[in-house]
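**Q** Structure in structure tokens, see below.
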Amino acid sequence: MADEAKAKGNAAFSSGDFNTAVKHFTEAINLSPTNHVLYSNRSAAYASLHQYDAALSDAKKTVDLKPDWSKGYSRLGAAHLGLHQYEDAVSAYKKGIEIDPNNEALKSGLADAQSAATASASRARAAPPPNLFGDAFQGPEMWAKLTADPTTRVFLQQPDFVKAMQEIQRNPSKLNEHLQDQRVMQALGVLLNVKFKAGGGDDMEVPEADSPPAPSQPAKQESKKPDPVPEPEPEPMEITEEKEKKEKKEKALKEKETGNAAYKKKDFETAIQHYTKAMEIDDEDISYITNRAAVYLEMGKYEDCIKDCEKAVERGRELRADYKMIAKALTRKGTALVKMAKCSKDYEPAIETFQKALTEHRNPDTLKKLNDAEKAKKELEQQEYFDPKIADEDREKGNESFKQQKYPEAVKHYTESLRRNPKDPKAYSNRAACYTKLGALPEGLKDAEKCIELDPTFSKGYTRKGAVQFFMKEYDKALETYQEGLKHDPNNQELLDGVRRCVEQINRASRGDFSPEELKERQAKAMQDPEIQNILSDPVMRQVLVDFQENPKAAQEHTKNPMVMNKIQKLVTAGIVQLR
């Protein structure tokens, strides 16, 4: 929207409608208050309206916002010149030339300001004879009037006319040499607010009083006025600034492309040089900064990479850049922080940076980097906390609490032991025993299974798991667990006792030796078991069950199938089926 208002202001300026130009530039400034070009353009418009105080204020704002932009000092010099502050104008032009030594507009403006300062000093020493037309050609006002008048505006595009007017402006006595030029006479009429007849070059004579009686140096200095400052003209704003900006963009993009080619060839030093040059040419595109950061990342210069990423984010927010570009810079910074991480705490700023990047743009690559960083942090925390010696001490403390039947306290010690050494099967086995005592059977079962996973030959893991399953009245599963343990330790008495208890319960179930309440409870629990549900939903097993009730001959055949009988036994143990 600011660009649209700016374009309207430029168009109004080009047509000589300076008041409308000021209005549109003001609207653009309200939308983009940090854009130095807008203040520069409005300064030129104010100067064209002879409102030099306002022009000076905008020129100063331009320099404040962009102190390394030579055009701002050109505006500042023109405003001072319009206010007849010649020394300040000279100072402004000199500062601009320091930034851009080859700027012709600044050199011309400086020459005009110095001439005006010299002439002003001469007038202070000796008053010249009155000049009938001299005042009409003085200062930037002449160019503003010629620009505003539609009959003379077109003449400003003609170099010979501009040159003639510059000569007359420096020395009004030169007017006699150009009286035959109809364009000059037309311009004179506009400046004096009078109309001349066609061919007025022959009818109009400049009185001798207009020229100094003798070409003495003081008089020449007095009549010499500053060269026209190009800033109030519409062309520099529409063409010079926009063209200059476009050329800079194109030049910066070429540097970027050259840098990209060098990056692909792994010629990182050359890539950095071209990206840096692109940044110097155009500071309104943060992709040059993020590209250089990528090179630093590849070179292992992580701190330089982080600095560039932070610079890109800061500048991107000032320019209201695409949120994807800001997210890209943050992601690259997070990657560099991960590369630098040496301990778990070093991952915290990286994780925070990835999270910020995701708030800007939820990119799958950034999300993966975040998950990887969090996982790496957790693993490092475990490694940093790992201490088998302290783990054994905590396990022993847990054993003492278990003997004293202080089961919650024992769980606390076993948990701390596992944090110190997560690969200790004994700690899992002991904590499973505590959970069983506390009635936390699912937690006990989980610990027992983890114990077996860590050490399949450790018989305690099987006794813990079988005990939990027995208390959960899953006798067939408990029997399988005890039998699996006996494969590793055939003479283990705990395992043998577990088998015996399970067989007793299974036989009891086969006989239907349960009270109605027990049977109902077992059946309700069995129906929640996915394995029992699968057996009952199997069409083959449903037919087998029907045959056991109605077709003894078919049932006898089924008993020869081990797989079928295994499923029947599970149903019997669960209390779903009773054999008589």
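The values are calculated or read from the model by the stated rules, or taken from the named source; none is laboratory data. Since the structure is predicted, the reported quantities are computational estimates derived from the model, not experimental observations. Here the Cβ is made from the backbone with ideal geometry for all residues, glycine too, and neighbour counts use every protein chain on show. Just so you know, the surface numbers come from the protein's heavy atoms only, side chains and all, with ligands and any DNA or RNA stripped out. Shrake-Rupley method; radii C 1.70, N 1.55, O 1.52, S 1.80 Å.
**Q** Given the pairs Lys8/Lys71; Lys60/Lys174; Lys6/Lys163; Lys345/Lys412; Lys423/Lys477, which span a C-alpha to C-alpha distance of over 29 angstrom in this model? Mind dumping the intermediate values first?
**A** Numbers: Lys8/Lys71 21 Å; Lys60/Lys174 36 Å; Lys6/Lys163 31 Å; Lys345/Lys412 25 Å; Lys423/Lys477 26 Å.
Pairs exceeding the cut-off: Lys60/Lys174; Lys6/Lys163.
**Q** Let me ask something else. Ignoring ligands, DNA and RNA, what accessible area per residue does region 284-347 give at 1.4 Å, in Å²? Provide the component values of the computation, followed by the final result.
**A** Working: 3210 Å² over 64 residues.
Per-residue accessible area for region 284-347 comes out at 50 Å².
**Q** Could you compute the longest span of the chain free of GluC sites (Glu not before Pro) located in DSSP loops and having at most 16 other Cβ atoms within 10 Å, not counting the site residues? Present the calculation step by step, with values, prior to reporting the outcome.
**A** Values: sites that count: Glu205, Glu284.
Value returned for the longest uninterrupted segment is 285-580.
**Q** My understanding is that a pair violates if its Cα-Cα distance is over 29 Å; which of Lys487/Lys567; Lys389/Lys460; Lys248/Lys356; Lys107/Lys311 do that in this structure? It would help to have the intermediate numbers written out before the result.
**A** Numbers: Lys487/Lys567 23 Å; Lys389/Lys460 22 Å; Lys248/Lys356 32 Å; Lys107/Lys311 35 Å.
The pairs that break the limit, which is 29 Å between Cα atoms, are Lys248/Lys356; Lys107/Lys311.
**Q** List the residues, sorted by chain then number, that are 5 or more residues from Asn421 or on another chain and whose placed amide H is less than 5 Å from its amide H.
**A** Asp387
**Q** On a 0 to 90° scale, report how tilted helix 182-192 is relative to the longest principal axis of the chain, with both axes built from alpha carbons and the result rounded to the nearest 10.
**A** Its long axis makes an angle of about 80 degrees.
**Q** Taking semi-axes √(5λ) of the Cα gyration tensor in Å straight from the coordinates, which label in (1) 58, 43, 19; (2) 100, 27, 18; (3) 83, 59, 16 is the correct one?
**A** Read-out from the structure maps to (2).
**Q** Hey, could you grab the Kirkwood Rh for region 277-394? Inverse mean 1/r over distinct alpha carbon pairs, Å, one decimal.
**A** On the way: mean 1/r = 0.0657 Å⁻¹.
Evaluated on region 277-394, it is 15.2 Å.
**Q** Along the positive direction of the dipole of the chain (beta-carbon charges: Lys, Arg +1; Asp, Glu -1; about the Cα centre), which of Leu438, Thr457, Asn491 reaches farthest?
**A** Farthest along the dipole direction, towards plus: Asn491.
**Q** If a paramagnetic tag sat 7 Å from the Cα of Glu374 along the Cα-Cβ line, which residues of region 309-348 would have the backbone N under 15 Å from that point?
**A** Correct set: 347-348.
**Q** Apply the a/c threshold of 1.5 to the C-alpha gyration tensor of region 411-451 and tell me whether it is rounded, prolate or oblate.
**A** Here region 411-451 falls in the oblate category.
**Q** Also, I was wondering about something else. Cut-off under 20 Å on the C-alpha distance; same-chain residues fewer than 8 positions from Lys525 excluded. Which aspartates and glutamates are left, in chain and number order?
**A** Glu443, Glu474, Asp476, Glu480, Glu504, Asp513, Glu517, Asp538
**Q** For region 1-125, which whole percent of the accessible surface, found with a 1.4 angstrom probe, sits on carbon and sulfur atoms?
**A** Values: 2590 of 5410 Å².
Within region 1-125, the accessible surface is 48 percent carbon and sulfur.
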